[in-house]
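Since every read-out is calculated from the coordinates, none of them should be taken as a lab result. Please read all numbers here as calculations on a predicted model, not as lab measurements. When we count neighbours, we look across all protein chains shown, and the Cβ atoms used for this are built from the backbone with ideal geometry, even at glycine.
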Amino acid sequence: MSGKIVRKAVIPAAGFGTRFLPFTKSVPKELIPLVDRPVLQYVVEEAAASGIEDILLVLSTEKEAVIRHFNPFPELENRLRERNKTTELAVLKKLDGMARIHYVYQQELNGLGDAIRYAESFAGNDPFAVLLGDTVMDSSNGVPVIGQLIDVFRRYGASVVALEEVPKERIHRYGVAGGTMLDGAVLKIRELVEKPAPEKAPSNLAVAARYVFEPEIFAALARTPRGKDNELQITDAMKFLLTERDFYGCRIAGRRYDIGNPMGFLQGTVEFGLKRPEFREEFKAFLVRTLQQMKD
Ligand code: UTP
């Protein structure tokens, strides 16, 4: 047991989002909604529900709308108060006090690894969580996914990455981890392989958008050369770390929705729409009717 507590999180949210063009030309992909909440709010809620107190959002200068989403809006609040719109006011007030949110601008968009480097002084000597700002996690065991990783970190005292089981026919799209399973959910990682052919994949466990790092990741990033697309890849830095330190994977209980990808957005919209009690029955009936009509 390391007993170390994780209170800080970094959310990279500066990327161009080219897979979701043309929408992302003017609106940050992290503000794409699932039902009525932007993706990034789900991510901040996941972190706050896992004991995170300080969050660093890595942005680009085009993403000012993200700051507006988390800042108070007194004029609107007053208007809602005057009109006794207490439900709407509560929805707005929920945004305050989830965690302290800090911002930093990534000067050039040189990849996820580069975005994480901007968190070096924020992290200091503390371990920290990383949650991709365009990916929503739907936990299936009541513990938020980043909370599941924090628990593994507390038990094993070394960096942890989220791993999601992926069917063999889709494994070639992901970074895949191989190693020794320590218990039902923890893998001691020996290797990370980028986009392997199904027969070469060391497992069916794909790296999945959530991490807990010791500050030693910054030294690893500093030594990592630019990789694919001339970007600094976090997976390359993790491979460095693996050669020197223990590194664990947490097989997550839950599902990931990569909203930066239109298919992830469509699937997430259906799943999260069906979860909302006020929409569930009507939406379900609509989906059933629509599927039936397609068959006819
Ligand atoms: P992606 O790998 O989805 O890259 O980033 P992208 O550039 O945003 O999107 P595509 O591939 O062009 O569609 C994963 C997360 O890392 C952030 C993104 O904002 C996203 O939340 N990111 C990516 C940065 O913060 N900076 C970068 O330079 C790249």
Counting just the residues of the range 8-61 that are among the β-branched types (Val, Ile, Thr) and within 8 Å of the ligand (Cβ to nearest atom), which one comes out farthest from ILE101 (Cα to Cα)? THR18
What do you reckon, is GLU77 of a type in the set (D, E, K, R), touching a residue at least 12 places away in the same chain (Cβ under 8 Å) and within 15 Å of the ligand (Cβ to nearest atom)? no
Residue that is in a strand (DSSP E or B) and of a type outside the set (Ser, Thr, Tyr), where the choices are LEU242, LEU187: LEU187
Filtered residue count, the range 191-213, keeping only those that are charged (D, E, K, R) and touching a Gly at 6+ places or on another chain (Cβ under 9 Å): 3
Filter the range 116-133 for residues that are touching a residue at least 24 places away in the same chain (Cβ under 8 Å) and more than 17 Å from VAL43 (Cα to Cα) and give the result. ARG117, TYR118, ALA119, GLU120, PHE122, ALA123, GLY124, ASN125, ASP126, PRO127
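For every residue, the table says whether it meets (1) over 16 Å from TYR257 (Cα atoms); (2) in a strand (DSSP E or B); (3) more than 20 Å from the chain's Cα centre (by Cα); (4) among the hydrophobic types (A, V, I, L, M, F, W, C).
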position	(1), (2), (3), (4)
VAL136	no, yes, no, yes
ILE146	no, no, no, yes
ASP151	yes, no, no, no
GLU164	no, yes, no, no
VAL176	yes, yes, no, yes
THR180	yes, yes, yes, no
GLU199	yes, no, yes, no
ALA208	no, yes, no, yes
VAL212	yes, yes, no, yes
Contacts under 6 angstrom Cβ, first residue in the range 35-47 being in contact (Cβ under 8 Å) with a residue 40 or more places away in the chain, partner of a type in the set (Gly, Ala, Ser) and crowded, with 24+ Cβ neighbours inside 10 Å, 6 or more apart: LEU40/GLY133; VAL43/GLY133; ALA47/ALA9
Does the range 93-105 include one or more residues that are assigned to a helix (DSSP H, G or I) and not aromatic (Phe, Trp, Tyr)? yes
